[in-house]
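Down below is the structure, laid out as structure tokens.
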Amino acid sequence: MYLFKKVSDLKKFVRAQKSEGKTIGFSPTMGALHDGHIALLSASQKVCDISIVSIFVNPSQFNDPDDLKKYPRTEGRDLVLLERAACDVVFMPGVEEVYPANRKEMPKLDLQGLDKVMEGAFRPGHFDGVVQVVKRLLDIVEPDKLFMGQKDFQQFTIIDFMLSVCQMPVQLVVVPIVREPSGLAKSSRNVRLSAGARKKATAIYKGLSELKNALEHITVEEAVTNFNESLKKAGLDPEYLSIANGKTLRPVKDYQKENYVVACAAAWIEGVRLIDNMILKQ
Ligand code: AMP
């Protein structure tokens with residue numbers, strides 16, 4: 001496994017591989033790796049000759065400085081996991097490599113409201129940071145395929161939009177959510193939870209799982225109220241549940257009339273913010 005920290009070294013490597021006709025798969029991460037990240041790598045390994053994983057905790061997507069400070073960093077362990085999973089290349093740049101002082105600032109993309117709902121409503125500026133870093137990483141790595149998790153539904157939807165608006169020759173592959181046996185979605189933030197909180201947090205998955213059935217009989221508003229109540233009962237502090245059109249991310253009024261519906265939720269427990277989602281109709 002190769003480890004590159006410099007943009008120039010990574011670019012040289014990729015150029016050499018491409019000149020041999022090899023295809024490149026790229027999975028960007030912020031480290032503190034778990035099976036969800038490894039699923040991206042595995043998906044890449046199935047269809048690409050060379051699989052690259054980046055580890056970069058991007059400051060520009062954290063609207064809360066405390067969250068950035070507390071974000072788990074487990075670089076040594078991450079490298080062991082990636083080596084074990086037969087990753088070809090790890091790209092671990094410093095902030096100054098990704099955002100050199102002399103760089104030309106990319107104009108802000110109009111995300112046509114995709115960034116204003118759900119996560120965007122609670123984390124102002126978050127998606128500007130995400131778009132900025134993914135665009136920059138794609139310009140560096142120039143992969144054929146980009147692997148992202150369904151876990152961050154709004155994120156992959158926005159990146160898909162960016163790829164099409166910027167006409168980037170990259171194919172986005174979305175990898176299903178990897179969960180704990182309890183149903184809790186794997187997340188780097190889970191390590192900050194006590195055993196008790198991990199148990200309580202399974203209420204998010206349980207609540208999401210009940211929605212599909214419930215929405216055959218009750219309204220969207222009633223379903224949202226029931227979901228929030230069930231989370232509160234379990235000891236969580238629900239932030240939002242959005243039952244939205246999977247393409248526009250706009251809230252759905254009449255569930256029966258839609259044909260692509262996703263339920264996205266965020267909730268707090270022990271000062272940790274967890275997100276999850278479930279596709280209800282596709
Ligand atoms: P992160 O390191 O949290 O920024 O995540 C990096 C990538 O891994 C993103 O595309 C995430 O959607 C994806 N990811 C994180 N957790 C999971 C999971 N439990 N299942 C599938 N993909 C995931």
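Before moving on, here are some points about what is shown:
- Probe 1.4 Å, accessible area per residue of the chain, Å²: 49 Å²
- When only Cα pairs below 8 angstrom with a gap of at least 6 residues are kept, segment 29-88 shows a relative contact order of 52 percent.
- Amide hydrogen neighbours beyond the local backbone of residue 172, cut-off 5 Å, H modeled: 146
- Phi-derived couplings, Karplus 6.51 cos²θ - 1.76 cosθ + 1.60 at θ = phi - 60°, listed residue by residue for segment 136-146: 5, 5, 5, 5, 6, 7, 6, x, 7, 10, 10 Hz, with x used for Gly and Pro.
- Cα gyration tensor category, rounded, prolate or oblate, for segment 1-63 with a/c compared to 1.5: oblate
- The equivalent ellipsoid that matches the C-alpha gyration tensor of the chain spans semi-axes of 33, 21, 18 angstrom, in descending order.
- Per-pair calculated FRET efficiency, R0 = 30 Å: residue 192 and residue 279 via Cβ, rounded to 0.05: 0.65
- Hypothetical label at residue 226: residues of segment 241-258 whose amide nitrogen lies under 15 Å (7 Å Cα-Cβ projection): 243, 255-256
- Each pair of Cα atoms in segment 51-129 enters the Kirkwood radius, and Stokes-Einstein at 20 °C and 1.002 mPa s then converts it into a translational diffusion coefficient of 142 µm²/s.
- Dipole check for segment 45-122: with +1 at the C-beta of Lys and Arg, -1 at the C-beta of Asp and Glu, and the Cα centre as origin, the magnitude is about 40 Debye.
- Estimated FRET transfer efficiency when R0 is 22 angstrom, pair residue 77-residue 46 (beta carbons, to 0.05): 0.35
- The calculated 222 nm mean residue ellipticity attributable to helices in the chain amounts to -12500 deg cm²/dmol, summing -39500 (n - 2.57) over DSSP H runs of n ≥ 4 and dividing by all residues.
- Sequence-ordered 3J(HN,Hα) estimates for segment 225-236 from the Karplus curve with 6.51, -1.76 and 1.60 and θ = phi - 60° stand at 4, 4, 4, 4, 4, 5, 5, 4, 4, 7, x, 9 Hz, glycine and proline given as x.
- Cβ-Cβ FRET estimate between residue 257 and residue 11, R0 fixed at 45 Å, reported to 0.05: 0.40
- Within the listed set 199, 247, 70, the Gaussian network model of the chain (springs between alpha-carbon atoms below 10 Å) gives the highest mean-square fluctuation for 70.
- Gyration tensor verdict on segment 146-233 (Cα atoms; rounded if a/c is under 1.5, prolate if a/b is larger than b/c, oblate otherwise): oblate
- Sulfur and carbon atoms: percent of accessible area, segment 1-157 [1.4 Å]: 51 percent
- Segment 102-127 and segment 47-93 have Cα centres lying 22 Å from one another.
- Electrostatic dipole magnitude of the chain [Cβ: Lys, Arg +1; Asp, Glu -1; Cα centre; debye, to 20]: 360 debye
- Carbon + sulfur, % of accessible area of segment 168-235 - ligands and nucleic acids excluded, 1.4 Å: 55 percent
- Here's the picture: charge each Lys and Arg Cβ at +1 and each Asp and Glu Cβ at -1 in segment 81-239, and of 191, 127, 207 the one pushed furthest to the positive end of that dipole is 191.
- Global geometry of segment 114-154, whether rounded, prolate or oblate, following the gyration tensor of its Cα atoms and the 1.5 cut on a/c: oblate
- Gain on full extension, evaluated as 0.36 nm per residue between residue 64 and residue 96 minus their Cα-Cα distance, stands at 9.5 nm.
The values are calculated or read from the model by the stated rules, or taken from the named source; none is laboratory data. Keep in mind that what you see is a predicted model, and the values were worked out from it rather than measured. Note: ideal-geometry Cβ built from the backbone for every residue, glycine included; neighbour counts use all protein chains shown. Note: areas computed on protein heavy atoms with side chains; ligands, DNA, RNA excluded. Shrake-Rupley method; radii C 1.70, N 1.55, O 1.52, S 1.80 Å.
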